[in-house]
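Worksheet for the structure shown next.
The values are calculated or read from the model by the stated rules, or taken from the named source; none is laboratory data. Since the structure is predicted, the reported quantities are computational estimates derived from the model, not experimental observations. Reconstructed Cβ throughout: ideal geometry from the backbone, glycine too, with neighbour counts over all protein chains shown.
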Amino acid sequence: MALISARSFLKCGQSLADSIFFNSRNIAVSSSRNSTATPIETKSEGGEAAKAESNPVIEDLNKQISELTTQKEELLDKYKRALADGENLRNRLTKQISEAKIYGIQGFCKDLLDVADVLNKATETVPKEELKNNSHLKSLYEGLTMTEAQLLSVFKRHGLEKVNPVDEKFNPNFHEALFSQEVQGKASGTVITVSKIGYKLHERVIRPALVGVAK
């Protein structure tokens, strides 16, 4: 009987010890969880605070990015415009240089036109019927004719050509009308006579032909 009581006492003591151990363990685990949760919450709160503090910085960076993007677009536009202006300038200069090579002798040609006019008048005024009887006059006439032909050949070689528009349609770009009159058999606007031959250097008129026009 005493043995049974001792065993029961021991079982009760063991149960009590187990209960105390189990409760202590639960308290330790709970404390551990609480201590772990607190830093996490603190970390989360700290992240939100840092995020809140970093918002002005991000906004400032975004503003700088926007300003730099605008400046880049403006500079790119100016660069493209500068390239276009440079290309236009180069084309104009190339054209001017080309025209200078072609028309650089224009002033000299104008001065020579008076010489050509004098030679033409000289050959026209020589009486053709006297050429057979007067050898000196014939030699002079032939010399004037050859000189005129040589001068016109030089003109042509450099792009200077006559404008003699008899029976052609009147063109205000190449002709200058001195008078107009009715002529039978001639359509209105037709050149009927040329008082003074014109000249053009390539496609540029340096002296218009002085003409009479049918009306």
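Structural remarks
- Subset of the stretch 108-142 (residues that are within 56 Å of the chain's Cα centre (by Cα) and not aliphatic (A, V, I, L, M)): 108, 109, 110, 111, 114, 117, 120, 121, 123, 124
- Boolean, residue 126 is surrounded by 14 or more Cβ atoms within 10 Å (Cβ to Cβ), touching a helix residue (DSSP H, G or I) at 6+ places or on another chain (Cβ under 8 Å) and of a type in the set (Val, Ile, Thr): yes
- Filter result for residue 145 (at pLDDT 90 or above and touching a helix residue (DSSP H, G or I) at 6+ places or on another chain (Cβ under 6 Å)): yes
- Residue within the stretch 83-100 that is surrounded by 12 or more Cβ atoms within 10 Å (Cβ to Cβ) and touching a residue at least 12 places away in the same chain (Cβ under 8 Å) present: no
- The residues in the stretch 178-215 that are within 42 Å of the chain's Cα centre (by Cα) and either part of a strand (DSSP E or B) or at pLDDT 90 or above (or both) can be counted, and the count is 10.
- Single condition residue 204 does not satisfy, out of (1) touching a strand residue (DSSP E or B) at 6+ places or on another chain (Cβ under 6 Å); (2) in contact (Cβ under 8 Å) with a residue 60 or more places away in the chain: (1)
- When residue 149 is tested against the conditions (1) farther than 14 Å from residue 210 by Cβ; (2) touching a residue at least 12 places away in the same chain (Cβ under 8 Å); (3) more than 45 Å from the chain's Cα centre (by Cα); (4) not in a loop (DSSP other than H, G, I, E, B), the lone failure is (2).
- Filtered residue count, the stretch 77-106, keeping only those that are among the small types (Gly, Ala, Ser) and within 28 Å of residue 158 (Cα to Cα): 3
- In this structure, residue 72 does not qualify as assigned to a helix (DSSP H, G or I), within 30 Å of residue 202 (Cα to Cα), among the basic types (Lys, Arg) and not assigned by TED's automatic domain parsing to the domain that holds residue 204.
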